[in-house]
Structures are given as C-alpha cells and as structure tokens.
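Written out below as structure tokens is the structure these notes cover.
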Amino acid sequence: MAEGTGRGERLSIWFFVGMLTLVYGLVLAPYGAWEWIGNHEAPTVLNNLHPTFWWGSLMLIFGLFYTIKFRPGKV
Amino acid sequence: MQSAAALLFTTQLTHLAPIDVLILVLYFAIVIFIGFYVKGATNTSEEFFLAGREMSAWIAGLSFVSANLGSLELMGWAGAAYQYGILATHWYWIGAIPAMLFLGIVMMPFYYISKTHSVPGYLQLRFGEGARGLAAASFAFMTILMSGVNMYAMALVMKVILGWNISFSIWVGAITVAIYVMLGGLRSAIINEVLQFVLIWAGAALIPILGLVEAGGWTNLKAQIAANTGSTEFTHMWSTLGHFRDNPMGVHWTGIVFGLGFVVSFGYWTTDFLVVQRVLSANNLRAAKMAPVIGAAFKMAVPFIVIVPGLLALAVLKNPDGSVLHLVGENAVNAAHPYSYNEVLPLMLIRYCGPGLLGLGITALVAGFMSGMAGNVSAFSTVWTYDIYGAFLNKKASDKHYVFMGRLSTVLGMLVSILTAYLVAHAASIMDYVQALFSFFIAPLFGTVVLGMLWKRATKAGGFWGLAAGTTSSIGMWLYTTYGPASALSRIALSADAKPMAETLYRALWSWLICVGVTIVVSYCTTPIPEAQLAGLVYGATPIPDDGSRGLFQKPIFWAIIVITVFFILNLMFF
C-alpha cells in the first residue's frame, strides 16, 4: 500500500521524499561540479571543500535510494 | 519571533541566483501537486481531519516533531543560543523529551482508545461541554492568531534576507497553504511536514558541519567562545544554574526542571492539539505510542542544526577588520551593530552556502513557515468543526457537510490569519501579546487533562473550575508582572535576580498548581462520576488493550528507555 497518501493511492509519502531530494541532487551536484571544475566557486567560507557538489551528491544518492525503494507499484 | 520586528531596521542580506529560484519553485510545485494528489483520498471527516487514522508510527512521529519545527522556532532559538549559550538547549531536551515520552507511553492510550477527534473532544468526554467549550474557543482563537503571526514573520524574514515585498510573501504563502490544506486536510499537512523535516535537515545541517570544521572541532569552539565572550558559562547546561545571577538567562534550576521540564513542556507536548492531532492520525495503538518516542529521538538531534549555529556565531563571526562581530538585541540595531540575534541563522547560511545551497536553505525556511501555518490552520479547522460548530451550532449535520465546513473553515481561517498578519505589520507588539495569550492556557490545560486521565475522583465541575481558575490566575500574574511594580517579577520568580524568561516558567508552574488545587477541592465538594462512565477515559477504570507489540524491539517502552538514557547521557556530557 502507498504509505501515507491514502488507501488505494499509488504514490507513497516516502516516494515524494525521494523524488524531491533526487531532483535537488540532480540540480545541485552538476552545478557544484561546474563550480569546482570551472573555478566558479562562490566566495563563501570553506568553498575549497566544494560543499555544493558533495552535498548535492549526497542528496542524489539519498533521493535515488528512496525513489527506487518506494517506487509506484512496488509492494 | 519577538525580535523579528528588529529585522525591519536592517538591510537586505543577500539575493537569490537563478538556481536558487529553481529550487524554490520546485518545492512549491510539489507542495501543490501533493494537495491535488491526496484530495481523492480525503472525502470523509475522518479522512479530512485525522488523515483516515492510517499513518504509520514513522510518519506520525516525524510529523509530530516537524509540526513544532517551524522557521520561527529555528531562527529564534539559534538567536537564543547566541544570546544565552547552550542553555537554550534545555528547550529541546528537558523541555521536550520527558513530556513526549510521557505522552506516548502514559497518555496516548487514553486519547487513542477514547476515539476522540481532538483534545477538547477528550475534555468533553471526561468533563462535559463546559470544559470543552472553554478549551476549544481559546485554542481556536489562539491558533488562528498564531498562524497570522507566523505568516507575518515569514514575510518579514523574506524581506530582510531577500528584499521581497511583505504582501507578496504573505499572499503567496497563504494561498499555497490554503490550497493544499483545503484539498487534502490533515493528510496534506502531514505529508508536507514530513517533507519539511527532510528539507530542514538538508538545508540547515551543512551550517554546523562546516562551522565545526572551520572552528576546529567542539573543544576548539568552546575555547574560542570563552576567549571572545570572556566567560565559560556559554557552554555549560547545568553547572551555572545554581543561582539566578550565575547564568545569562537569569534562571534557576528549579525553574528549568519544574517550570519548563514539567509544566510548560508537558502542557505543550501533551495537550496542544496542534501536535497531538498528528499522533491521533496513527493507524493503531502501538503506532500511536511509538510516534512520540520516534519524535523524541529526532527532537534530541535538533540542537545540532539550531543551537550549534548560534554557538558557532559567537566564535567565527568577524568584522571585515578581523575583530569579533557582535550581534545585538532588537532595540540596539544601528549602523555600528547592523545585525540582531535573530539574524544568526541567515548570517551563518550566507557564510557557508553559495548559489544552490542558499536556495536549499531558503526553501527549508519557507517550508518551515508554511508547515507552521498549515499545522495551525488544520488544527483550527478540526477544533472549529468538531468542537464549536458541530458541538454547539449544528449538531446533526451529515458527515459530508462537516467535511465541507472543514474546507470552508480552512479558507476562512486563512483569511483571518492574513488579517492578523497585516494587523501585526502595523503594530509589531501584537506578536508579544499573542505569544503571551498562548502561555495562559497551556499550563492549566495540562493540569486538567492529566488529572482527568489519572484521577477517577475528578468531577466535571472540578475540571471546569480548575481550568478556569488556572487560566485566570495565569492572566492575572502576567498583568501583574507586565504592568505592576518592578518588584512583581521577583515575587513571581522568587528572586530579585530573575529575568523575564524565569517569569514565564514560574508563572506556568503556579497556574498549573492553582488549576490542580482548585480541581481537587471542587471535585471533593461535588458528586463523583460513576466509575462505569469513566471507562476508556481514566487510568484505573480502563483496561488498557494490548498494543500488539511482539518481542522486545517492538515495544514502545523499550525504545522510550533507550531515548531517555541517551537524554541523560547528553545532559551529563554538556553539564
């Protein structure tokens, strides 16, 4: 059953969580890579650690895991 | 929240890049989509007001803790951490964890098996229509005002950080929330609260992580704070509470333990319908008991994203010339000190987060504000429909009519909130009064509910007059300390060195004691309720049904013991 969205619905609440974080990861990780590779880092403290790329990648992995695990139709 | 008004005097902190706008727009799109998606599963009153009572323990638990994790809460307590140091953590630990566990293990069975729709609904079953009417009217009134305050605060923060127009923020936020709550009711609100919980961590957790890297770890952070402030009291939770004058908050440990840890905390977490409603949506008794335990475990982690940034600001924020940047109180913001305490979180966000991550952080703040509004409006529409409209105005309407009334009251409630937001925009002091109003009811209500659940001898008249006396005395003490002589504070808080924070805690304690005392006296003077009528409502008159736990790891009490053990260890670590 799709958890949290109502009896008979296909999309679970955790699918929404996964989708949102996955989409954000897909936006942030490439942007962070572009900043890193092209030396376009914003002048923030510790930008040498490339937080946008790493944080975006983490969200991408988290989102991917939840989206697949709670994909519609999976029992 | 109170110093949000001060933000008016500062200039815009930053602006959004196109990637930040994209992240924000994606959030709004998914929120609206969820509203339309769950509308199909929101047809009966049970589905609209209690999400069909089909939420798992994890969803109800995350929603339970998230409903309280609004942006005002985040920004306000980050500012408090800068101002008072690690003492602010008490509001997350002793001021929440024991009460949440008590709700789950002791009180939830009664709320759940009585099949009540609301906290005022429980009071009706236990103490009759008088207590219900008093609790419902005060809750509905306060909740809708709080929603307006929340709305205005969001608009103000967006104006300060991003330079957005106040009316634009108010209307965009209000219309979005109204759409998804009107369509999906509590179910929509809960889904968005779970999303918000994830978003808040995604948007805010980088600040303490990068901050601790910059400071060189916790030990170095403590040393830098001591060097910058000239005091070590900012990083101790208990060792400075021996006397009112020994800590920056001006409180005593008795106020923290009994006022905050017992009365204020238990009052809020066990009787405020906004949070209890989330747990009532659980799909079985075990889930209803587990939800607050899960919520408590996550609540314990919240200081990492709220308190640590405030402490980090004491160490790492510098002026361009390398001197320590001092944030000041709301009334002291000027050209030399352009930032107030409440700007700690945005300042730290801008310090570490460039385009993209900044958008994520702003989205987390917006999500927090919208969830706060949704929580208030969904709780309001439930109490209005069940405990005021359905109880006193139209008792025999069809279920379909009550769902219609729920949707209508959501929209009307939102319009009243918008009106309140504009009212607050013209008189910022109204925010302080609304917060004070809330504090009048919470402590006495806890006295009434806990006696109702645990003491069979409590009568209907006892419950009503106890609640009325507790609330009246709380209002009286507030008037006395606000408009009375300077000595009033020291009388209420028991020390000449007490500060306003201590007044709130001791006022709650006294009003609770008065409520309990009056309830006991009046109950003994009136005819007891036959025990048969108390079945399902009171401890001792109710066989608690098996919650279905199989094995140790499924038992809520086992996890509650784990959580309380970690709670004690954490308090000792930061003693």
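Considering (1) open to solvent by less than 40 Å² (accessible area, probe 1.4 Å); (2) within 30 Å of residue B:254 (Cβ to Cβ), the lone condition that residue B:417 does not fulfil carries the number (2). If you go through the range B:296-316 and pick out every residue that is within 14 Å of chain A (Cβ to nearest Cβ) and not in a helix (DSSP H, G or I), you end up with 0. Mind listing just one residue for me: the one in the range B:324-348 that is within 14 Å of another protein chain (Cβ to nearest Cβ) and open to solvent by 10 Å² or more (accessible area, probe 1.4 Å) and, of those, nearest to residue B:159 (Cα to Cα)? Filtering first and then ranking leaves B:347.
Criterion first (part of a helix (DSSP H, G or I), modelled with pLDDT of 95 or more and in contact with a Pro (Cβ under 9 Å, 6 or more places away or on another chain)) does residue B:288 satisfy it? Spelling it out, it is not the case that residue B:288 is part of a helix (DSSP H, G or I), modelled with pLDDT of 95 or more and in contact with a Pro (Cβ under 9 Å, 6 or more places away or on another chain).
Take the conditions (1) assigned to a helix (DSSP H, G or I); (2) surrounded by fewer than 22 Cβ atoms within 10 Å (Cβ to Cβ); residue B:193 misses just one of them, which is (2).
In summary, residue B:295 fulfils each of the numbered conditions (1) under 30 Å from residue B:559 (Cα atoms); (2) surrounded by fewer than 24 Cβ atoms within 10 Å (Cβ to Cβ) with the single exception of condition (2). Of all residues in the range B:236-258, exactly one satisfies the criterion of being of a type in the set (Phe, Trp, Tyr), closer than 18 Å to residue B:572 by Cα and touching a residue at least 60 places away in the same chain (Cβ under 8 Å), namely B:238.
Residues that are out of contact with any helix residue (DSSP H, G or I) (no Cβ under 8 Å at 6 or more places or on another chain) and among the hydrophobic types (A, V, I, L, M, F, W, C) within the range B:456-499 comprise B:479, B:486, listed in sequence order.
For residue B:265, the requirement of being away from chain A (no Cβ under 14 Å) and modelled with pLDDT under 90 is not met. Cβ-Cβ contacts under 6 Å between residues 6 or more apart (or on different chains), taken from a first residue in the range A:52-64 that is within 9 Å of chain B (Cβ to nearest Cβ) to a second residue that is of a type in the set (Gly, Ala, Ser), are listed as A:52/A:32; A:52/B:356; A:56/A:25; A:56/A:29; A:56/A:32; A:59/A:25. Within the range B:539-563, the set of residues being farther than 21 Å from residue B:101 by Cβ and aliphatic (A, V, I, L, M) comprises just one member, B:541.
Regarding the range B:349-365, can at least one residue be identified that is crowded, with 17+ Cβ neighbours inside 10 Å and farther than 23 Å from residue A:57 by Cα? No, the conditions are met nowhere in the range B:349-365.
Buried (at least 20 other Cβ atoms within 10 Å of the Cβ) and not aliphatic (A, V, I, L, M): is that true of residue B:386 in this structure? When the stated conditions are applied, residue B:386 passes them. When the range B:196-210 is limited to residues that are away from every other protein chain (no Cβ under 11 Å) and open to solvent by less than 10 Å² (accessible area, probe 1.4 Å), the one that is nearest to the chain's Cα centre (by Cα) turns out to be B:200. You will find that of B:213, B:177, the residue that is part of a helix (DSSP H, G or I), open to solvent by less than 10 Å² (accessible area, probe 1.4 Å) and farther than 23 Å from residue B:295 by Cα is B:177 and no other.
Quick one: which of B:7, B:16, B:24 is modelled with pLDDT of 90 or more and open to solvent by less than 50 Å² (accessible area, probe 1.4 Å)?
Working: B:7 fails: modelled with pLDDT of 90 or more; B:16 fails: modelled with pLDDT of 90 or more.
B:24 is the lone residue from the list that is modelled with pLDDT of 90 or more and open to solvent by less than 50 Å² (accessible area, probe 1.4 Å).
Would you check which residues across the range B:300-318 are in contact with a Phe, Trp or Tyr (Cβ under 6 Å, 6 or more places away or on another chain) and under 14 Å from residue B:96 (Cβ atoms) and list them? Correct list: B:302, B:303, B:306. Within the range B:532-539, is even one residue assigned to a helix (DSSP H, G or I) and open to solvent by 60 Å² or more (accessible area, probe 1.4 Å)? Yes.
Please determine, by comparing only the residues of the range B:30-72 that are more than 10 Å from chain A (Cβ to nearest Cβ) and over 24 Å from the mean Cα position of the chain (by Cα), which one is nearest to residue B:156 (Cα to Cα). Let's see the steps before the verdict.
Taking the range B:30-72 as the starting set, the residues that turn out to be more than 10 Å from chain A (Cβ to nearest Cβ) are B:32, B:35-36, B:44-46, B:48-50, B:53, B:57, B:61, B:64-72.
After this cut, where a residue has to be over 24 Å from the mean Cα position of the chain (by Cα) as well, the list is B:32, B:36, B:44-46.
Details: B:32: 23, B:36: 29, B:44: 37, B:45: 35, B:46: 36 Å.
Going through the qualifying residues, I end up with B:32.
Of all residues in the range B:112-139, those satisfying the criterion of being buried (at least 24 other Cβ atoms within 10 Å of the Cβ) and out of contact with any Gly (no Cβ under 6 Å at 6 or more places or on another chain) are B:118, B:119, B:120, B:121, B:122, B:123, B:132, B:135, B:136, B:139.
Just one of (1) open to solvent by 10 Å² or more (accessible area, probe 1.4 Å); (2) part of a helix (DSSP H, G or I) fails for residue B:85. It is (1).
Identify all residues within the range B:65-75 that are more than 24 Å from residue B:403 (Cβ to Cβ) and either outside any helix (DSSP H, G or I) or modelled with pLDDT of 85 or more (or both); write none if there are none. Quick ask: steps written out before the conclusion?
Taking the range B:65-75 as the starting set, the residues that turn out to be more than 24 Å from residue B:403 (Cβ to Cβ) are B:65-66, B:68-75.
Result: B:65, B:66, B:68, B:69, B:70.
Quick check, is residue B:164 closer than 30 Å to residue A:63 by Cβ, aromatic (Phe, Trp, Tyr), within 14 Å of another protein chain (Cβ to nearest Cβ) and open to solvent by 10 Å² or more (accessible area, probe 1.4 Å)? So residue B:164 fails the test. None of B:169, B:147 is more than 17 Å from the chain's Cα centre (by Cα) and either away from every other protein chain (no Cβ under 11 Å) or in contact (Cβ under 8 Å) with a residue 60 or more places away in the chain (or both) except B:169.
Taking residue B:264, is it of a type in the set (A, V, I, L, M) and surrounded by fewer than 18 Cβ atoms within 10 Å (Cβ to Cβ)? Before you say what the answer is, go through the steps one by one.
Details: of a type in the set (A, V, I, L, M): yes; surrounded by fewer than 18 Cβ atoms within 10 Å (Cβ to Cβ): no.
Answer is no for this residue.
I'd like to check something: does the range B:503-517 contain any residue that is more than 19 Å from residue B:249 (Cβ to Cβ), among the β-branched types (Val, Ile, Thr) and either out of contact with any strand residue (DSSP E or B) (no Cβ under 6 Å at 6 or more places or on another chain) or open to solvent by 60 Å² or more (accessible area, probe 1.4 Å) (or both)? Yes, the conditions are met somewhere in the range B:503-517.
Within the range A:20-27, identify whether any single residue is touching a residue at least 40 places away in the same chain (Cβ under 8 Å), open to solvent by 30 Å² or more (accessible area, probe 1.4 Å) and at the interface with another protein chain (Cβ under 10 Å from one of its Cβ atoms), and answer yes or no. Checking the range A:20-27: at least one residue is touching a residue at least 40 places away in the same chain (Cβ under 8 Å), open to solvent by 30 Å² or more (accessible area, probe 1.4 Å) and at the interface with another protein chain (Cβ under 10 Å from one of its Cβ atoms). Summed over the range B:548-567, the residues that are surrounded by 15 or more Cβ atoms within 10 Å (Cβ to Cβ) and among the polar types (S, T, N, Q) give a count of 1.
The values are calculated or read from the model by the stated rules, or taken from the named source; none is laboratory data. As the structure is a prediction and not an experimental result, all values here were calculated from the model. Positions of Cβ are backbone-derived with ideal geometry, glycine not excepted, and every protein chain shown enters the neighbour counts. The area values use the complete protein model at the heavy-atom level, side chains included, leaving out ligands, DNA and RNA. Shrake-Rupley method; radii C 1.70, N 1.55, O 1.52, S 1.80 Å.
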